[in-house]
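Structure first, commentary second.
Read-outs throughout are calculated quantities, based only on the coordinates presented, and are distinct from any laboratory measurement. Remember, it's a predicted structure, so these values are computed and weren't measured experimentally. Please note: Cβ atoms are built from the backbone with ideal geometry, for glycine as well, and neighbour counts cover all protein chains shown.
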Amino acid sequence: MDDGVLFYAWRDCLFRVPDIVQPPKAGSRFFCHHLSVRAGERVLEIGAGLGLAAVLAARAGAAVVATDVVPAAVTAVRVNAALNGVEVDARLGDCYAPVAGERFDLVCSNPPQMPTPPGADREDAQAAADNGGSDGWALLDRIIAGAPAHLAPRGRLVFTIFDFLGIKTALAKVEAAGLVPSVLARETQSFPRIGHERIAHLRAMDREAALPPGRPATVERLMIEGRAR
Ligand SMILES: C[S@@+](CC[C@H](N)C(=O)[O-])C[C@H]1O[C@@H](n2cnc3c(N)ncnc32)[C@H](O)[C@@H]1O
């Protein structure tokens, strides 16, 4: 074997990027830029990938639990925490299953959210990183609905969305879960390659008409917060 080893360097940290775990993208950096973590907070990241946000939150002094459904991602989080001299409690499992009965000051996720046309779903790690079910909300809906049972008093849920998932829809879902919704941040990013491949399906799912006509060059990415009352 002579495949080489891929590393990602950011904010004085070094992250090993294993073959089957998605490397950090614009959405990962946007997510980390706007994640405000205080020392001593209990933080849960759902869908941690190789552990970029989890390691940075641990470096800020938080007690971090990071989950993923892909075993190689959970291993990568452990390796990257050790590489950067911090502790992250990395757990394998779906959504909140690995943290049953536990509460956190911050629950956060940059989850898979690309609307997925019939027949395009798969079982591999790449699909787990991107595919968000037919309308993009499959995992997000479960993260939002489960948040109140996993937030400490005055705790907050923070997650990213593409604008074509619907900003009003996102705020309404957070409100319906009993949390106080707001938009924390927004950023214009290049339109994702996989989005071009699925553009007809994205248009069919674009309930708030966020997509421009023609071939979009950019997309708005948003960070949504829901605060426990
Ligand atoms: C878009 S990637 C984000 C990775 C990393 N947090 C980042 O920002 O770069 C989404 C991650 O969620 C994981 N994932 C997918 N479905 C999940 C589920 N049901 N429960 C927990 N994690 C999941 C994927 O394996 C992937 O690592």
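Here the chain is treated as a Stokes sphere of Kirkwood radius computed over C-alpha pairs; at 20 °C and 1.002 mPa s its diffusion coefficient rounds to 120 µm²/s. What whole number of Å gives the distance from the Cα centroid of segment 190-228 to the Cα centroid of segment 128-173? Taking the Cα centre of segment 190-228 as reference, the centre of segment 128-173 is 15 Å away. Helix-only arithmetic for the chain: the sum of -39500 (n - 2.57) across DSSP H runs with n ≥ 4, divided by the residue total, places the mean residue ellipticity at 222 nm at -8000 deg cm²/dmol. Across the chain, the longest run free of exposed loop sites, meaning GluC sites (Glu not before Pro) lying outside DSSP classes H, G, I, E and B with no more than 12 other Cβ atoms within 10 Å, spans 124-229.
Considering only DSSP beta bridges whose two residues both sit in segment 25-228, what percent are antiparallel, to the nearest 5? Antiparallel bridges make up about 50 percent of those DSSP assigns within segment 25-228. If each of Glu102 and Thr188 carries a label point 7 Å out from its Cα toward its Cβ, how far apart are those two points in nm? Taking the two extended label points, one gets 4.0 nm.
How high is the relative contact order of the chain? Use alpha-carbon pairs under 8 Å, at least six apart in sequence, and give a whole percent.
Numbers: 479 pairs, mean separation 40.0, N = 229.
It comes to 17 percent, rounded to a whole number.
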